[in-house]
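The values are calculated or read from the model by the stated rules, or taken from the named source; none is laboratory data. Since this is a predicted model, take the numbers as computed values, not measurements. With ideal geometry, Cβ positions are generated from the backbone for all residues, glycine too; neighbour counts draw on all protein chains shown.
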Ligand code: MD3
Ligand code: FE
């Protein structure tokens, strides 16, 4: 397995059910504003997490931690729909430990980066897109070299494993108005990850 694309893995009814679960997560763990380490420059996305561990970014760096950076409360559990998805598509018997939830407004983007804050690269990252379509870019495991562009639409699931687990990737832009799932527009991306060694 390298990149496994499952277009509309969640049909519109399942997308609404998943969105309701995420709205409950956000009630318990409100959106926080991540920033770049050292500079404190804000990222354009808003974030929250569910699961035993959550990814945070503040002036001190990037890390996984068991509690919300603003409220100090533990992250809420990962919704069953997402645990079932992981069991179906990850090929890993151990459950995911972190589900990062990213919120994109119409102008938000995410620069090309690698995900390397985890201590288990044998497990894939499983991504779910909800709401407006994103123009996603993925390259190889070095910053230079060719990249390709892919559109991620609402309900799509992508599994990034094998050599592509450490591929550079980012979000170039959001196609505002391409979906009516989110009442206020925009896009939510969910990424399920294993953080500690299996
Ligand atoms: C390829 N999120 O949270 S999802 C991230 O749409 C992140 O919010 C983007 O990059 C988003 O770190 C992209 C697709 C994705 C997520 C994780 C990956 C692709 C990946 C990890 C390794 C390789
Ligand atoms: Fe990433």
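For the reader, a short list of remarks on this structure follows.
- Listed by first and then second residue, the pairs linking a residue in the range 114-126 that is more than 16 Å from residue 62 (Cα to Cα) to a residue that is away from ligand 2 (no atom under 13 Å from the Cβ) and at pLDDT below 95, with Cβ atoms under 7 Å apart and 6 or more places separating them unless they lie on different chains, are 124/1.
- Qualifying residue in the range 15-26 (condition: modelled with pLDDT of 95 or more, out of contact with any strand residue (DSSP E or B) (no Cβ under 6 Å at 6 or more places or on another chain) and not in a helix (DSSP H, G or I)): no
- Of residues in the range 75-121 being farther than 26 Å from residue 182 by Cβ and touching a helix residue (DSSP H, G or I) at 6+ places or on another chain (Cβ under 8 Å), the one nearest to ligand 1 (Cβ to nearest atom): 114
- Taking the range 128-151 as the range and being crowded, with 21+ Cβ neighbours inside 10 Å and either touching a residue at least 40 places away in the same chain (Cβ under 8 Å) or away from ligand 2 (no atom under 16 Å from the Cβ) (or both) as the test, the residues that pass are 128, 129, 130, 131, 132, 134.
- Residues that are within 18 Å of the chain's Cα centre (by Cα), within 9 Å of ligand 1 (Cβ to nearest atom) and more than 21 Å from residue 116 (Cα to Cα) do occur in the range 133-140, at least one of them.
- Criterion: more than 22 Å from residue 23 (Cβ to Cβ) and either in contact (Cβ under 8 Å) with a residue 12 or more places away in the chain or crowded, with 18+ Cβ neighbours inside 10 Å (or both) - qualifying residue of 94, 98, 176: 94
- Top-ranked residue in the range 152-163 [being assigned to a loop (DSSP other than H, G, I, E, B) and touching a helix residue (DSSP H, G or I) at 6+ places or on another chain (Cβ under 9 Å); ranked as surrounded by the most Cβ atoms within 10 Å (Cβ to Cβ)]: 154
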